[in-house]
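Have a look at the structure below, then the notes.
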Amino acid sequence: MNIRIGQGYDVHRLVEGRKFVLGGIEIPHTKGSLGHSDGDVLIHAICDALLGAANLRDIGFHFSDKEEKYKDIDSKVLLESVVAKLHEKGYNIGNIDSTIVLQTPKISNYIPQMKSILANILGIDEDCISIKATTTEKMGFEGREEGVSAQAVVLLK
């Protein structure tokens with residue numbers, strides 16, 4: 001059996017006047033992620049992990065922030081495209097383990113909905129997706145609520 005591991009990381013600045021989109025859902029917050037797309041750091045980290053595991057470069061290579069067609073795009077659309085690229089190469093997703101780093105808002109109540117949305121797009125069981133969240137105890141840019149980051153590790157079969 002051919003298995004591949006990939007890891008992804010993404011970070012976005014938090015600013016007023018933007019929606020806060022995370023894991024494919026909008027979460028009420030006073031700030032949102034600044035980015036060319038909707039700024040969904042969790043989906044971006046997962047995309048990079050999947051692309052890396054399949055040796056398909058990174059999210060910026062496939063969805064350049066220089067292209068207007070990706071301006072404010074829903075990151076779920078990007079994830080759907082990444083999954084199609086994986087299937088073209090003959091890969092299936094085994095599991096995903098991810099961590100979101102932010103001080104506020106608390107997101108534990110939103111994780112089941114995120115898992116449901118992601119499982120549907122990825123074509124895998126919700127039990128194959130782990131989403132964890134942590135703070136930095138008010139240290140660093142996440143702790144000062146200047147930004148949010150996410151990390152993801154994936155297994156492809």
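The values are calculated or read from the model by the stated rules, or taken from the named source; none is laboratory data. What you are looking at is a predicted structure, and each value in this text was computed from that prediction instead of being measured. Quick reminder, even Gly has a Cβ in these numbers, built from the backbone with ideal geometry, and neighbours come from all protein chains shown. Areas reflect the complete protein model, heavy atoms only, side chains present, ligands, DNA and RNA absent. Shrake-Rupley method; radii C 1.70, N 1.55, O 1.52, S 1.80 Å.
Numerical summary
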quantity: Inter-label distance, nm, simple model (7 Å from Cα along the C-beta direction), residue 145/residue 89; calculated: 4.0
quantity: Per residue solvent-accessible surface (Å²) - the chain, probe of 1.4 Å; calculated: 51
quantity: Cα-only radius of gyration and Dmax that characterise region 16-64, units Å; calculated: 12.2, 38
quantity: Within the accessible area of the chain (1.4 Å probe), percent carbon and sulfur; calculated: 48
quantity: Degrees separating the helix 75-88 axis from the principal Cα axis of the chain, which is the longest one; calculated: 20
quantity: Ellipticity estimate at 222 nm from DSSP helix runs (n ≥ 4, -39,500 (n - 2.57)) divided over the chain, nearest 500; calculated: -8500 deg cm²/dmol
quantity: Cα-Cα P(r), region 2-89, percent of pairs per 10 Å interval; calculated: 18, 49, 26, 6, 0
quantity: Net length gained if the chain between residue 36 and residue 130 were fully extended (0.36 nm per residue, minus Cα distance); calculated: 31.2 nm
quantity: Two-decimal ratio, region 109-157, of alpha-carbon radius of gyration to 2.2 N^0.38 Å; calculated: 1.41
quantity: Relative contact order [Cα under 8 Å, 6+ residues apart], the chain, whole percent; calculated: 34
quantity: Selected from 32, 92, 60, residue furthest toward positive end of dipole (region 1-117; charges at beta carbon); calculated: 92
quantity: Rounded to 10°, Cα long-axis angle of helix 41-53 versus longest principal axis of the chain; calculated: 30
quantity: 44, 62, 87, ranked by accessible area, largest first (probe 1.4 Å); calculated: 87, 62, 44
quantity: Principal-axis tilt of helix 111-122 within the chain, Cα atoms, nearest 10 degrees; calculated: 30
quantity: Test item: Cα-centred dipole of the chain, Lys/Arg +1 and Asp/Glu -1 on Cβ, debye; calculated: 160
quantity: Positive-end residue of 41, 103, 79, charge dipole of region 1-115 with Cβ unit charges; calculated: 103
quantity: Modelled FRET efficiency - R0 35 Å, residue 104 with residue 4, Cβ distances, 0.05 increments; calculated: 0.50
